[in-house]
Each structure stands twice: as C-alpha cells, then as structure tokens.
Amino acid sequence: MSSSIDPSNGKKRIQAVQTTLEILDALRAHGDAGVTEISKEIGVTKGTVYNHLATLEENDYVYKDANDRYHLGLRFIDVAHHAKSRIPILELARTEVDKLAEKSGEMALFTVEEHGMGVCLYVAYGEQAVQTPLYVGHRSELHHTAVGKAILAHLADERVAEIIDTRGLTEITEHTITQKQALLEQLEEVRKRGIAFNNQETIHGLVGVGAPIKNQHGSVLGALSIIGPSSRMDEDRLQRELPDMIMRGVNVIEINSTSL
C-alpha cells in the first residue's frame, strides 16, 4: 500500500484513499462523469478509476446510470445524517433560524467551524430572501462571512493564527479583508460588540449580520446569521434591528443548550 507525506502538515497520506476522495470530489463538482473524464481530471489511469468506482458502487457510495455515467450515491445522505447528529445544538438552531427567516423576511443560517472552514448546517428563507449558492453542507473560509468572523473572534488566538496560516485570506470580492492585521482588528471589534458583519465580502450586493453561539464555558459552538441585499439594509436595520433579532435567537439556544 503506497503512501506519501503531505509537505503542508507532515502527515502521512494513503494514496489509494486519496485517489478515492479525489474521484468523489470530481463527481461532486460535475454531478455526473464517466471513467475517462475522471481519469483526465485527477491524473490516474482509467483502470485505476474504474476499480475505485466499482468498489464504491458495490458499497452504494456511487451509482452508475444506463449511460455508464457515475453519480454520488444516496448513501451519503445517511452518512450526513449521522455526521450532523454530533452537533447537539442543531435542532435548537433550526428552530431559531426558521424564526429569524420568518421575522426578517431574509435568508438565515446556522454555521459551525470544522478544519478551519465554516460549514453551513441549516438555512431557511423568508418571503423576500434572495437565492444564493449557499446550501446545507456548503463550506467556506471564515474570514469573509459574518458567521465566520463571529466564530473566529471567539477562538483562541493560536487557533485563529493557525487557520489564517493554513487557509489564507483569499480575495472573494474587492471588499474582502485580505490583510491579517486588518482582520484581527475587525475580530477585536466583534468581540467587543458580539456582532459580526459581512459587507459584500462574499457576494456583490449582499450583506450579512452574524453572532456567535457559546456554551457556559465561553467556547464557541457555532453562529447564526441573516443575509440580505444591501438595498434593503439601511443603517438602523443593519446596526440595530437585525442584530437584536439574532441575539435573541442566540440567547434562546445558549439557555436551552445548558441541559444538553
């Protein structure tokens, strides 16, 4: 069994497992694909791709249609269900996110941090909500979203530095913070106020307000956010109305989570 050392972190990688993951990523990105396409994309032989796909199909992780096109299998839904079950506040967060979406009329969401990335675990849409590429399971860097900055602001300094060093500060729009010192200064403001903002840093024309959810020991468990078009976000709504809504939701989750 071949393996290699990842130069970025010094950890050993099993090549066969890495190939399987790259195949699954290719299917996730394209929706469906054939053996030849995947082979070209990940740079391994068609025989290797076919053998990996056959193993995945045998275990229900991929599905081959009548045109010999491969798709991700529905078994991943079962895997996702069990993965989400380790987040004890998820059900509480769902209820509050639904309320935020209904009251604000905008899109609301619940996000947690894993491996230095923000992972959206629940999203709800109000009557006026805009449609975005966001979905349950969507992963994004933390530095350019309101929920991400709300989470970063309440992690240990060493962890924040590690995430920045590992993930970088990618420029998504011209409004994205890409300088480490500027981000750290904004995180200090978030800590003081308890509210984070995304000023068109992820998608042009969209702004977001977010707040962290913490346990009784002060550790951050995730964050709630409301996102809407800048055209509907006057100063009062952005600085008072939406933060107040979010903080009420956070309060409910934090109080009820003490018994979990």
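Which of the residues spanning region 212-260 are polar (S, T, N, Q), open to solvent by 70 Å² or more (accessible area, probe 1.4 Å) and not in a loop (DSSP other than H, G, I, E, B)?
Within region 212-260, S231, N251, N256 meet the criteria.
Please determine, by comparing only the residues of region 69-112 that are aromatic (F, W, Y) and in contact (Cβ under 8 Å) with a residue 40 or more places away in the chain, which one is nearest to N59 (Cα to Cα).
Here the residue is Y70.
Would you pick out the residues in region 1-28 that are in a helix (DSSP H, G or I), over 15 Å from F76 (Cα atoms) and either out of contact with any helix residue (DSSP H, G or I) (no Cβ under 7 Å at 6 or more places or on another chain) or at pLDDT below 95 (or both)?
Q15, A16, V17, Q18
Just one of (1) without any contact (Cβ under 8 Å) to a residue 60 or more places away in the chain; (2) over 19 Å from the mean Cα position of the chain (by Cα); (3) part of a helix (DSSP H, G or I) trips up Y63, so point out which.
(3)
Can you run down the residue pairs with Cβ atoms below 6 Å, 6 or more apart or on separate chains, where the first is in region 139-162 and closer than 20 Å to G218 by Cα and the partner is modelled with pLDDT of 95 or more and basic (K, R)?
Correct list of pairs: A153/R191.
In region 171-202, what count of residues is obtained for those that are open to solvent by 60 Å² or more (accessible area, probe 1.4 Å) and closer than 16 Å to M117 by Cα?
Looking only at that region, the number is 2.
The values are calculated or read from the model by the stated rules, or taken from the named source; none is laboratory data. This is a predicted model, so every value here is computed, not measured. No Cβ is skipped: glycine too gets one built from the backbone with ideal geometry, and neighbour counts run over all protein chains shown. Quick note on the areas: whole protein, heavy atoms, side chains included, nothing else; ligands and nucleic acids left out. Shrake-Rupley method; radii C 1.70, N 1.55, O 1.52, S 1.80 Å.
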